[in-house]
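Below is one structure, written out as structure tokens, with a few remarks after it.
The values are calculated or read from the model by the stated rules, or taken from the named source; none is laboratory data. None of these values were measured; they are calculated from a predicted model. Glycine gets a Cβ as well: all are built from the backbone with ideal geometry, and neighbour counts include every protein chain shown. For accessibility, only protein heavy atoms count, side chains too; no ligands or nucleic acids. Shrake-Rupley method; radii C 1.70, N 1.55, O 1.52, S 1.80 Å.
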Amino acid sequence: MGAETTAGSSRDEVLRRIRAAIAETPADAAAIRGEWETIPRTYKQTASLDRAAILGMLEDRLRDYDATVVRANAGEVSAAIAGILAERGKRRLVVPVGLAEALGEPLPAGFEFATDHGLTTAELDSFDGVVTASTVAIAETGTIVLQNVPGQGRRAPTLVPDYHLCVVRAADVVETVPEAMGQLQGTASLATTFVSGPSATADIEMTRIKGVHGPRFLDVILST
């Protein structure tokens with residue numbers, strides 16, 4: 001939390017200096033806003049598919065990114081978490097504050113869940129993985145959005161451990177990026193992470209390497 005607060009303060013200071021340097025006047029700001037509002041926005045901004053097709057698209061995109069996706073009905077999420085973790089051989093998991101409340105179900109027995117209250121990077125690295133909820137998911141891009149709120153927590157726990165199990169509610173899945181941005185407007189000041197499959201990158205020879213910028217393995221429970 002402290003590191004994120006410092007990063008936010010640094011960003012605010014950089015923006016303050018930029019604004020001071022360009023000496024933006026109210027008239028300039030109004031002109032910029034007016035110009036912004038006249039930009040044609042002919043791209044797709046609303047959903048065109050039914051709910052079943054939107055959920056199917058998200059699942060297809062995530063699988064294409066090498067994530068594993070399972071569906072679970074409400075009330076069966078805890079059992080689904082237990083099944084996935086057992087199959088993966090994961091026993092020690094870090095979880096954000098308020099995860100059980102966000103899921104609406106208790107976490108399954110038989111595992112060691114440690115609540116993150118500012119664990120260090122070294123401590124986070126000692127866990128088998130992390131379990132979180134999510135804010136919204138974008139079907140077209142196969143992207144899951146996490147924010148620093150109860151049930152999702154800090155960014156570090158979702159980047160350091162090698163494994164991430166994320167629960168996405170079907171009600172939080174939208175089809176397009178503009179729809180997601182609209183939902184995030186009210187919480188835009190929060191630390192926000194966009195996850196599109198397991199972490200992967202490629203070098204100049206196009207050799208794909210997983211786990212450079214985050215977890216190598218991503219499992220998603222789509223709660224319907």
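Quick check on my filter: what residues within the stretch 179-224 are among the acidic types (D, E) and open to solvent by 20 Å² or more (accessible area, probe 1.4 Å)? E179, D203, E205 - these are the residues of the stretch 179-224 that are among the acidic types (D, E) and open to solvent by 20 Å² or more (accessible area, probe 1.4 Å). The helices (runs of 4 or more DSSP H) found entirely in the stretch 48-113 that carry 2 or more residues being surrounded by fewer than 18 Cβ atoms within 10 Å (Cβ to Cβ) and touching a residue at least 60 places away in the same chain (Cβ under 8 Å) are 51-64. Only a single item in (1) within 11 Å of the chain's Cα centre (by Cα); (2) open to solvent by less than 10 Å² (accessible area, probe 1.4 Å) is not met by T176, and it is number (1). Checking A3, A21, A29 one by one, the residue that is over 28 Å from V177 (Cα atoms), modelled with pLDDT under 80 and over 30 Å from the mean Cα position of the chain (by Cα) is A21 and no other.
Checking each residue in the stretch 187-212 for being under 16 Å from the mean Cα position of the chain (by Cα) and not in a loop (DSSP other than H, G, I, E, B) picks out T187, T192, T193, F194, V195, A200.
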